[in-house]
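A.B. asks: This is the structure I want to talk about, given as C-alpha cells.
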Amino acid sequence: MYELADVDTTYPLTLYFGPTPPANTPTDRWVQTVPGTGWFTYFRIYGPESPAFDGTWQLPDFRRHG
C-alpha cells in the first residue's frame, strides 16, 4: 500500500508497474509485479466529496507509456 498524502495534486501522478524499476525512476513511484502472475488495483478515497458518490467524478483509466 502506498501513502500519497504528500503528493502535489496539481499535476497527474505517474506510477510505474513492473518486475524491476525503470532507469531513473523514483522507487517510491514503482510498484513491483511478478512476471507470469496477475494483479489488480484498489483505489481508496479518504474523505470523498459528493462527485465521488454521484458519479460526476470517475477515476481515469490506466494508460500504458513506452
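The values are calculated or read from the model by the stated rules, or taken from the named source; none is laboratory data. This one's a predicted model, so the numbers in the text were calculated from it and none came from an experiment. Every residue, glycine as well, gets a Cβ built from its backbone with ideal geometry; the counts of neighbours run over all protein chains shown.
A.B. asks: Are there any pairs with C-beta distances below 6 angstrom linking a residue in segment 35-49 that is among the small types (G, A, S) to a residue that is assigned to a loop (DSSP other than H, G, I, E, B) and exposed (fewer than 10 other Cβ atoms within 10 Å of the Cβ), with the two at least 6 apart or on different chains, and if so which?
C.D. replies: Going by the 6 Å Cβ cut-off, there are no qualifying pairs.
A.B. asks: Which members of segment 3-12 meet the condition of being surrounded by 10 or more Cβ atoms within 10 Å (Cβ to Cβ) and either modelled with pLDDT of 80 or more or under 11 Å from the mean Cα position of the chain (by Cα) (or both)? Please lay out each step first, then the result.
C.D. replies: The first filter runs over segment 3-12 and keeps only residues surrounded by 10 or more Cβ atoms within 10 Å (Cβ to Cβ), leaving 4, 7.
Result: L4, single match.
A.B. asks: Out of the residues in segment 24-47 meeting the condition of being part of a loop (DSSP other than H, G, I, E, B) and either modelled with pLDDT of 85 or more or touching a strand residue (DSSP E or B) at 6+ places or on another chain (Cβ under 6 Å) (or both), tell me which one is nearest to P12 (Cα to Cα).
C.D. replies: T25
A.B. asks: Take L15 and tell me if it is of a type in the set (A, V, I, L, M) and exposed (fewer than 10 other Cβ atoms within 10 Å of the Cβ). Break it down into steps so the answer makes sense when it comes.
C.D. replies: On the way: of a type in the set (A, V, I, L, M): yes; exposed (fewer than 10 other Cβ atoms within 10 Å of the Cβ): no.
No, not satisfied.
A.B. asks: Out of the residues in segment 50-66 that are surrounded by 10 or more Cβ atoms within 10 Å (Cβ to Cβ) and not aromatic (F, W, Y), state the one that is modelled with the highest pLDDT. Working first, answer last.
C.D. replies: Of the residues in segment 50-66, the ones surrounded by 10 or more Cβ atoms within 10 Å (Cβ to Cβ) are 51-53, 57.
If we keep only those that are not aromatic (F, W, Y) as well, we get 51-52.
Details: P51: 91, A52: 88.
Of everything passing the filter in segment 50-66, P51 is modelled with the highest pLDDT.
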